[in-house]
Each structure stands twice: as C-alpha cells, then as structure tokens.
Amino acid sequence: MPWQEVIGRVPFINCDPIFHGLNSRWDILPAPPSWLSGHLIRKDCLTAPIPSADYAAHKDELVLLPDLGIVSRGIVGSVILFGSRPIESMRDIALPSDSSTSKRLLCWILNDRGMDPKTVEMGPDITTMLERCDGALLIGDRALSAAAEYPGSVQMDLGAEWTRITGTPMVFGVFAMRSDAPIDAARSARDDMLSQCEMFEQDKGWRKEVIRSSSNSSGIPESRVIQYFDNEVQNRLDQHSIQGLEMFLRDACGMLGEIEWAQLD
C-alpha cells in the first residue's frame, strides 16, 4: 500500500481511543515508539505518534499535526521508574530501548534532583532490568502490568513528577508527518483520528467496546483500563499541553526555535 495511505501507531493501549476501528479506512503500521520515527522519515507511513524527543531530533524534516497527542496532566500510569531502593540511593538505572522521550525525561528529572546515576540501555523486561540495576524504567502496557504485579517496586510516575515540577501537562508523544507529505492526505488522516477520539469521548457504547478490546489485548483488567483512560492518559493536545510540550522540547531536549505545525485548517 502507498505510504500516503498508511498511519503508524504505538502498539500500546494509550492509542486505542484513536485507532480502534480506524483500520477500516487506513492501513495501520504498529511499531515501538522509537521505531515509528524511522518509519516516518523513510516514508513507510504518512503520520504516526512519535516520541516528543524524536521530534526535537528531526525538527528540520517534520511538522506536527494539531489537536492530537499522548498526554498526561499528572499521573500517567504507564511511564514508571521501578526499583528496590529509593531513587536517591540508586547507583544505576536500566533504560528501555523502545522510547526516547521517557529516557530524556528521566534524565531531566534526575538532573533536577542533582543526581547522575549510571544508565544502562536494555530490553524492556523488568526482571532482567532489576537483576542488573537498582532501577528500571518501563513504559506503556508493560509499565501498567508491572505496577500491578510489583506495587512495592514503584518509585516514581514520570508524568506526575514532570507536572509537579513544571505545573504543565507532559506530552509523551506527538503526531508528526514529513514536511513534504501531501497536505490533503494528512488532513484526512488527522480528521479521521480526531473523529475516533471524539466518538470515544461521546459515545458510551463505543467507549465500552474500546475499553473491552484494550483489556483483552493487553491482559489489563477493565477497571484499570477505565481508570487509565479517565484519569491518566489523554489524546487531546490543547493549549496548556502545548505549553508543556514547548517546555519539554526546550529544557529537556535542547530544541531551538518554535514548533512547526502542519497547516491543515
């Protein structure tokens, strides 16, 4: 299928309100967050929710779609630092290989605390990570599941810590496209994704279907999925979220200049 008809997605439930049912209109390319950036740049897909930190790294090639993102306004529930000892006494921390935003955010938080532990990148398996290191950073469905399985090991929710320090939402993912991508196709993709998001918000029957599907695919109980969607992760990128995104890109990623937005309206 032509790349202009493909939308990339993160295979975590945080995107389900947007993507559940969307495959009837688009070909969907699932991949880990950090992989999607490469797919986007190589023209494997038209748009995708990539790590915010990757937008900073590829700003000259990409523009952002308005209205949509992967956002928390406090506790995010799915970006968590685990460990067997308090953060201040961690000598080394295992970082997952599948996300760049969470790693950049954790380093920023640790620096804010005056800490500089050794970091080791490895596959996102909490058992292996904590066998080798004092701390382990996990994202997505793995973090949600590990928090339920090892509640005593939860040391920090990174979304909550960012909001505590800055007073702004944390934007973990942004929907990006190449600056030379066709505008009409991008507008159609944005409108279709936004429609799915609105249907999830307004149609109780559809919302229940999405939650049930998310629970079945992830193995996370429906009650936890409801809490996650109600109170933790959101897919709306409003002006307050953009303020947080601008701060993260500038202060944590060192990005110069303003965000470039796709002119879709």
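Bear in mind that the values in this text are calculations on the coordinates, not laboratory data. What you are looking at is a predicted structure, and each value in this text was computed from that prediction instead of being measured. No Cβ is skipped: glycine too gets one built from the backbone with ideal geometry, and neighbour counts run over all protein chains shown.
A few remarks follow.
- Listed by chain and number, the aspartates and glutamates placed with their C-alpha closer than 16 angstrom to that of LYS118 are GLU88, ASP92, GLU131, ASP134; residues fewer than eight positions away on the same chain are left out.
- Label zone at GLU198 (point 7 Å along Cα-to-Cβ), backbone N below 13 Å, region 209-237: none
- Using R0 = 22 Å, the C-beta based FRET efficiency linking GLU121 and ASP60 works out to 0.30.
- Degrees separating the helix 204-218 axis from the principal Cα axis of the chain, which is the longest one: 50 degrees
- Value at 222 nm in deg cm²/dmol, rounded to 500, when DSSP H runs of n ≥ 4 in the chain each add -39,500 (n - 2.57): -12500 deg cm²/dmol
- Listed by chain and number, the lysines placed with their C-alpha closer than 22 angstrom to that of LYS59 are LYS43, LYS103; residues fewer than eight positions away on the same chain are left out.
- Rounded if a/c under 1.5, otherwise prolate or oblate - region 163-204, Cα gyration tensor axes: oblate
- Summarising the amide proton neighbourhood of MET122: residues at separation of 5 or more, or on other chains, whose placed amide H is nearer than 5 Å comprise LEU95, SER97.
- Seen from all directions on average, region 79-166 presents a Cα convex hull projection of 5.0 nm².
- Against the chain, whose longest principal axis comes from its Cα atoms, helix 222-231 is set at around 80 degrees.
- (1) 29, 22, 16; (2) 31, 25, 16; (3) 32, 22, 18, with the label sought being that of the calculated semi-axes √(5λ) of the Cα gyration tensor in Å: (1)
- For region 6-83, the relative contact order is 31 percent, taking Cα pairs closer than 8 Å that sit 6 or more residues apart in sequence and dividing their mean separation by the residue count.
- For region 132-242, the convex hull drawn through the C-alpha positions has a volume of 167 cubic angstrom per residue.
- Fluctuation leader among GLY167, GLY74, GLY244 - the chain, Gaussian network, Cα springs under 10 angstrom: GLY167
- In this rough spin-label picture, where each label sits 7 Å from Cα along the Cβ direction, the GLU149-LYS208 distance is 3.1 nm.
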